[in-house]
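Contents: one structure, followed by commentary.
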Amino acid sequence: MLKSDPLRLKLFDGFSQDEQDELKSIIEQVRFSTGDTILRQNQQAVHLFILVNGEVEIIHVPYDGPALTVGKLTSGGVFGWSSILGRKTYSSSAIVNTDCEVYRIPAYKLQRFCEQHHESGVVLLEKIAMSVAQHPARAHDQIMQMIRVAMACREDNEPEE
């Protein structure tokens, strides 16, 4: 449970004091050190994480290729969202680049909050969605770079006619 922290992220702006108090009751503040793995790809998805400070790298390993850095998150970044999408496992890993603090929220408690505070729950989920929506553009850029490298390798290895 989060006690003294005033939920200092913009994600929580606009909530009443009662709603903030209830959110504090379901949020655990956790510290991680550089190099720690906060969550692993294919691990059971039970928590949503919000980065308070530091930097976390999100890495996805496709079954048929090398690891891809999907994004680097800083304060306010959200990860572990597979847990609130009803997926059984996380689709990526989260590795700590610099010492950090995160808010860890059990998905079932967040769902209960949203059910009990419908309007505020919708607002919170929209803010989370906006944060998550930033990831695909970064992944797209990295995938395009990999395609360019692969094409360059192919051109270098083509037999001369």
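Computed from the coordinates by the stated procedures, all read-outs in this text should not be read as laboratory data. Remember, predicted model here, so these are calculated numbers, not experimental data. Cβ sites come from the backbone with ideal geometry, for glycine too, and all protein chains shown count toward neighbours.
Computed quantities for the displayed model
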| item | result |
| --- | --- |
| Cα centre as origin, Lys/Arg/Asp/Glu Cβ charges: segment 1-102 dipole, Debye | 260 |
| Packing-based exposure ordering (other Cβ within 10 Å, fewest first) of ASP64, ASP36 | ASP64, ASP36 |
| Positive minus negative residues near ASP99 (Lys, Arg vs Asp, Glu; Cβ under 11 Å) | -2 |
| Pairwise label distance in nanometres, THR89 with ASP64, each label 7 Å out on the Cα-Cβ vector | 1.8 |
| Gain in span if fully extended, ASN97 to ASP18, counting 0.36 nm per residue against the direct Cα distance | 25.0 nm |
| Gained length - GLN29 relative to GLN111, 0.36 nm times residue gap less alpha-carbon distance | 27.7 nm |
